Structures are given as structure tokens and as C-alpha cells.
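Structure record follows, encoded as C-alpha cells.
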Amino acid sequence: MTLRPLDQSSKLKGVLYEIRGQALVEADRLESEGHTILKLNTGNPATFGFEAPFQIVRDMIEAIPHAHGYSDSRGIMSARRAVVSRYEEVPGFPLFDPDDVYLGNGVSELITMTMQALLDEGDEVLIPAPDYPLWTAMTSLADGTPVHYLCDSVNGWQPDLDDIRAKITPRTKAIVVINPNNPTGAVYTREALEGIVEIAREHSLLLLSDEIYDRILYDDAVHIPLATLAPDLLCLTFNGLSKTYRVAGYRSGWLVITGPKKHAAGFLEGIQLLASTRLCPNVPAQHAVQAALSGVQSIDALIAPAGRLHEQRDAAWEALEAIPGVTCHRPEGALYAFPQFDPEVYDIRDDAKLVYDFLVAEHVLIVQGTGFNWPTPDHVRIVTLPEARVLTEAIERLGNFLASYRQ
Ligand code: PLP
């Protein structure tokens, strides 16, 4: 019998996820040969010694004997109620009820469902550049067209409102905002967010706001939830336990729907349909939500000036700025630094090759900026989760390695 060759579907053509791309395959291969690789590619707190908060673990363990059945497709009521209470404490957040909440196997699943429910072939979605690349990938998978609007590195990576306006067409359906931002660490100003909301109002766009880092803020940064500025618009806010509660492996996130819904009944039925077809999110992890949102597991001590995450952000930023020809916006939030290599100093034509060669030479895995849909090969993303001395040393090694690219 001859077996017919099987290729991947053509739908996957625009689906890229370089955070776990070819360089990771090589990193795993090197590890299998016995090398120690410092993996700075994923924002996974558990791999750098951040433990799951005790109360979350305890509540999940207690729930497991009763968590073996499917739940409601939206998620268990106690968790959805906990999400409602969380936002009741956020000044100005539009009111919503538990039926406006969907729990998911991480925010990732909810992004996928949203794009599948929303888009027809050729529908356009405005997505930041650089972005967290799942947004672009899932827009493509849903047959939509990702249209990237620039964030401005010389203006603290704030969204460029003129660029957004210039890229709106009759096919634009939604605008994605990632705030605090992955990969840049920017926290958006009120002015920028109000500008985006105004554009969405003018063009009747759906707002999709990824706020998974909303509690990971440094210094005096203030996070403004997009929905608070847009009670008159349909806004989907995405968040979850992976980062703030350091339990990325539990796969637990939520989506909150606020604003007017009548005009979007079809789309929202689509979300409900897709929620039903996945049956429900993992039920034990849903039991982690209420424990987490009760507040006792706060991340505040880690982001305070003497806290570990704050120190690591400082260490990464200082080490990057110390490399000649490298500049980096000091992250105001999230878990990443996104430095630029001055093109007048370094001749880098292929940032994926740079990342690969750096891995092979120095056994440190980072991710190329083009993997975040940044248009030019002059940035990389570095995860700021390892301890400060590890970060400093890894970045010094990057500096030494870069010397071979000097013009
Ligand atoms: N959104 C952003 C901006 C992220 O950085 C990540 C993960 O790194 C996700 C969503 C996915 O998170 P989850 O673990 O909830 O699927």
C-alpha cells in the first residue's frame, strides 16, 4: 500500500509562532546532547523558580475530586462570579454579569474562538506591530487579514494613532490593543487609549483588549482598562492567571464582554457556539480562578521596587543599555525587554539567523523581533524572568556576540 503524502493545510500559511520556532528545536537538541540552555523565549514564570501561590494549589486540589465532569460551556458559575467581582472593584469598568464571562484554557483559546467567530475571508483586524504574535496568527487562521499598525519606539512604544487611521478600510472590523504590551513592556497613556477608542467609535470597530499583564506594572505606571473608556462600544477584555498568578501551566483565562450587544448578537452567538463545541475549559483549573481573584495571592511584592520582578527589569534594562549601539525602552510593565540594535552600528539582515547563531554560540535562547511582526530585523525580545545576575550575564554575552555584527 502506498500512503498518500500528507501536508499541512493551506490555512496554516499565515500562522507563525516564532516564540517556539526553529531556534527552540535547536535549543532542545542541544539540551538533549547535555548542554545547559538558558531559555529566555517564553514568559513562563514557573521555569524561573516562581512557585504557584499556595492557596490556588490548595483550592484546586480540594476541587479535583468533584471536578471530573464537564462544566457549563462558559465556565463554572463561582469562577465567573469571581471575575465579575474583580472588575466591580475597577473604577469605571462597565457593569456586566456572569453570562458575559467566558472562561478558557488560557487567553490563547479565547483569542482563537473570538477570531473564528468574528471573521470572514478578507475581513481586516488592526493589530499592533510589534504584537504578541498569536493575535496575528489567529486572525490569519480565521481567514482574516491582519493589518499591523505601528507602535512608536521613540515615543515609548505608544500606538501611532495616525498610522491606525491611515490603515482603516471598509473591511476593518476590529482593533486589538495589548496593554501592558508584550513584547515592548509599554503601558499605554490615557491619551493613546482615548485616541484608539475615538477611532473605534468613528468607524464602528470592535475593541479587543488583551490585558493579561494589567497587574504587572513597575514604578508609577498606571494601567487603564480599555473598557472603562468605551462603555458605549462593544469591548472584549482578555485576562487570566498565567502571568499575574504564575500558573501558566494551569491554562486558565477569561474573556469579559462589555458595552452594547444588540448589534452584535450574531457574533456573540458565534462565541457561544464555539464555547459549546469545545464543551468547556479544563474544570480543575477553573477552580483556581476564585482562589486567585480573592486577592491573597497578590503579585505586588514581586513588582515593588525591592521585588524580584522589578529588580530583574532593572538589571535587564541596565545591561542592555550598557551595550554600545543598543537602546531599549525601559519596560513599564509585563515581563519582557525589546531592545533595538542601531542599524548604523550593527549590520543585521536576518534577525532569526542572529538568534540562532547566538543560541549555538552562547547557549541562550531569545526571540527575533520579526517574530512579533516587527517589520525590520533590528530588535529581539528578552524575557526578564530569570534572576538579575543570570540576566545580566546573558545580556553581557549578547553584547560580546554582537561585536561580530559591527560595521
Ligand atoms: N496574551 C499575551 C499578550 C501574552 O503574552 C500571552 C502569553 O504569553 C497570552 C496572551 C497567552 O496567555 P495564556 O497563557 O492565558 O494562554
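Computed from the coordinates by the stated procedures, all read-outs in this text should not be read as laboratory data. Not measured: the values here are computed from a predicted model. With ideal geometry, Cβ positions are generated from the backbone for all residues, glycine too; neighbour counts draw on all protein chains shown.
Here's the picture: a label point sits 7 Å out from the Cα of THR189 along the beta-carbon direction, and within the stretch 196-222 the residues with their amide nitrogen under 17 Å of it are 196-199, 220-222.
For GLU31 and ASP163, a Förster radius of 45 Å and the Cβ-Cβ distance give a FRET efficiency of 0.65, rounded to the nearest 0.05. By other beta-carbon atoms within 10 Å, ranking HIS379, HIS363 with the fewest at the front produces HIS363, HIS379. When each of the peptides 97-104, 133-140 is scored by how many other beta carbons lie within 10 Å of its residues on average, the order from highest to lowest is 133-140, 97-104.
The residues CYS328, CYS235, when put in order of fewest to most other Cβ atoms within 10 Å, stand as CYS328, CYS235.
Based on Cα atoms of the stretch 54-293, Rg over Rh with Rh as the Kirkwood radius reads 0.95. The GluC sites (Glu not before Pro) found in the stretch 348-405 that occupy coil by DSSP, while having at most 16 further C-beta atoms within 10 Å, are GLU387.
Taking a ≥ b ≥ c as the square roots of the eigenvalues of the Cα gyration tensor, the chain is classed as rounded, since a/c falls below 1.5. Could you identify which residue out of ALA129, ALA248, ALA306 has the top mean-square fluctuation in a GNM of the chain using Cα springs shorter than 10 Å? Highest fluctuation among the options: ALA306. Dipole of the stretch 54-293 computed with +1 at Lys/Arg Cβ and -1 at Asp/Glu Cβ about the Cα centre; of VAL125, THR136, VAL101, farthest Cα towards the positive end is VAL101.
Summary of the geometry: the stretch 295-370 and the stretch 3-64, compared by the centres of their Cα atoms, lie 19 Å apart.
Antiparallel as a % of all DSSP beta bridges within the chain, to the nearest 5? Around 50 percent antiparallel, to the nearest 5.
Only loop residues by DSSP count here, and only those with at most 15 other Cβ atoms within 10 Å; note down the trypsin sites (Lys or Arg not before Pro) in the stretch 268-316 that meet that. Hits after loop and neighbour filter: ARG278. Using a simple spin-label model with pseudo-atoms 7 Å out from Cα toward Cβ, ASP220 and PHE54 lie 3.6 nm apart.
Database remark: amide H of TYR149 closer than 5 angstrom to the amide H of ILE127, ALA129 (H placed geometrically; neighbours at sequence offset of 5 or more, or on other chains; Pro and chain starts carry no H).
Put in order of Cβ neighbour count within 10 Å, fewest first, the listed residues SER298, SER153, SER9, SER242 become SER9, SER298, SER153, SER242.
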